[in-house]
1. When the residues of region 152-206 are narrowed to those that are β-branched (V, I, T) and open to solvent by 30 Å² or more (accessible area, probe 1.4 Å), which ends up nearest to M67 (Cα to Cα)?
2. Give the residues of region 39-64 that are in a helix (DSSP H, G or I) and modelled with pLDDT under 95, sorted by residue number.
3. Identify all residues within region 64-81 that are within 14 Å of the chain's Cα centre (by Cα) and free of Cβ contacts under 8 Å to residues at least 60 places away in the same chain; write none if there are none.
4. Take region 76-113 and flag every residue that is crowded, with 20+ Cβ neighbours inside 10 Å and aliphatic (A, V, I, L, M).
5. Tell me which of these A39 doesn't satisfy, since it passes every other one: (1) open to solvent by 30 Å² or more (accessible area, probe 1.4 Å); (2) in contact (Cβ under 8 Å) with a residue 60 or more places away in the chain.
6. Could you list, in sequence order, all residues of region 117-149 that are of a type in the set (G, A, S) and either modelled with pLDDT under 80 or open to solvent by less than 70 Å² (accessible area, probe 1.4 Å) (or both)?
7. Criterion first (more than 14 Å from the chain's Cα centre (by Cα) and not in a loop (DSSP other than H, G, I, E, B)) does E90 satisfy it?
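The values are calculated or read from the model by the stated rules, or taken from the named source; none is laboratory data. Values in this document were obtained by computation on a predicted structure and should not be read as measured data. Counting neighbours? That spans all protein chains shown, and the Cβs are built from the backbone with ideal geometry, glycine included. All accessible areas refer to the heavy atoms of the entire protein, side chains included, with ligands and DNA or RNA removed. Shrake-Rupley method; radii C 1.70, N 1.55, O 1.52, S 1.80 Å.
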Amino acid sequence: MPKSKPRKKAVSKKKQARRAEHEVNALLRGETAYFSDEAEALLTARGWISERDQPGGPDQGDAWYWMPSQLQAYLEEGEPVPTSIYPSSESTFVSQLATPDGSVPPVAQTEYDSLAELEADLDRLQAYRVPDGEWTVLGGGPSAEETPGDLIDSITEEWELIAELIHFPYSSDAGARSFAVVEQAVQDGRLTEYAYRSILAGRAGK
């Protein structure tokens, strides 16, 4: 098996960039963590990945991620970030489109006064992709020799691994570059069920 190419690592463990910023601000201002069972039912039925399913659960409130928009890892700046939604009060919501550097420019964020208003905008959110030329994959993605197993063994940050395995150019046979390797990694305990569900959701909507 070829040795995996070097991976860019952060000094400390990173979480999804904008979600983490929201959590820190909420803690510093003493804001309430909000939950919505109705939004949970609506969004998960449409293929959004829930913070409730992430290991540790939604300790800072609900959030949902549209994995088909998850960028490939190793960007010039920032972290790969999917389009996300979180409740901003008992009845209001915020959506943030995927951006290459994890920033939230005004055009990337929308606030909704109700769940019905959010639901009416879901088709636009789910259709959004980062424009061509707006981001760069460091090293051009996996090498011709690199396999999904190499990525699973070498990438420790789960969000980055999910991004790579969503976009990986899988072969159609049952060899080392096939999706069967990912399925086997779940059975072997080398890949979490949460990561696997996220990868399946991302690939289903591409």
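1. If we take residues in region 152-206 being β-branched (V, I, T) and open to solvent by 30 Å² or more (accessible area, probe 1.4 Å), then T192 is nearest to M67 (Cα to Cα).
2. Listed by number, the residues that qualify are E51, R52, D53.
3. W64
4. V81, I85, L97, A98
5. Failed condition: (1).
6. Of region 117-149, the ones of a type in the set (G, A, S) are 120, 127, 133, 139-141, 143-144, 149.
Scanning region 117-149 gives G133, G139, G140, G141, S143, A144, G149.
7. no
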